[in-house]
Amino acid sequence: MDFQLERLLNLPNITVFTCQEQEGFIVLKLDLLNEGITCPHCQNYTDHIHQTRSMLIRDLSICGQGVYLHLPRRQFYCAGCKKYPTEPLEFVEKRRNYTIRYNESQGQRGFCGYVGRI
Ligand SMILES: [Zn+2]
């Protein structure tokens, strides 16, 4: 079967390597396709990984089931400015544990509720 979960997920620059059910949620383990980042401090390109942690990010539900993305949180070392920038992800804001689109979907629901009461 030629089925690509990446296609369904519609997020940039990722690949899905496992999908498992955990406590009633779907957990998708993702990997990032880029090897390096552009340093946000000095715009130097670096692919020198200092350390990698992981994070769980809430994403939009699929078929009524809550989805969490298990993502590597990578911290790089930039030789240009000697800093340790954490990789920015375009679909998650800094220090958030949910995706931007998940946040937007919650916001819209609240907004509709508000309009309904007028
Ligand atoms: Zn730098």
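Mind checking which pairs have a first residue in the stretch 93-109 that is at negative phi and in a helix (DSSP H, G or I) and a second that is at pLDDT 95 or above and among the basic types (K, R), Cβ under 7 Å, 6 or more apart or different chains?
Y102/R58
Can you give me the number of residues within the stretch 61-107 that are over 16 Å from I14 (Cα atoms) and within 16 Å of the ligand (Cβ to nearest atom)?
Matching residues across the stretch 61-107 total 12.
Please determine, by comparing only the residues of the stretch 1-34 that are more than 15 Å from L89 (Cβ to Cβ) and part of a loop (DSSP other than H, G, I, E, B), which one is least open to solvent (accessible area, probe 1.4 Å).
Ranking the qualifying residues of the stretch 1-34, first place goes to G24.
Which numbered condition in (1) among the polar types (S, T, N, Q); (2) within 16 Å of the ligand (Cβ to nearest atom); (3) loosely packed, with under 13 Cβ neighbours inside 10 Å is the only one that N44 fails?
Going through the list (1) among the polar types (S, T, N, Q); (2) within 16 Å of the ligand (Cβ to nearest atom); (3) loosely packed, with under 13 Cβ neighbours inside 10 Å, N44 breaks only (3).
Before we move on, is S61 of a type in the set (S, T, Y) and within 19 Å of R101 (Cα to Cα)?
Spelling it out, S61 is indeed of a type in the set (S, T, Y) and within 19 Å of R101 (Cα to Cα).
Conditions first: (1) modelled with pLDDT of 95 or more; (2) in contact with a Lys or Arg (Cβ under 9 Å, 6 or more places away or on another chain); (3) aromatic (F, W, Y). F17 passes all but one, so which condition is the exception?
Status for F17: all satisfied but (1).
Looking only at the stretch 48-91, count every residue that is charged (D, E, K, R), open to solvent by less than 80 Å² (accessible area, probe 1.4 Å) and part of a strand (DSSP E or B) and tell me the total.
4
The values are calculated or read from the model by the stated rules, or taken from the named source; none is laboratory data. As the structure is a computational prediction, the values presented were derived from the model and not from experiment. Quick reminder, even Gly has a Cβ in these numbers, built from the backbone with ideal geometry, and neighbours come from all protein chains shown. Heavy atoms of the whole protein, side chains included, go into the accessibility calculation; ligands, DNA and RNA do not. Shrake-Rupley method; radii C 1.70, N 1.55, O 1.52, S 1.80 Å.
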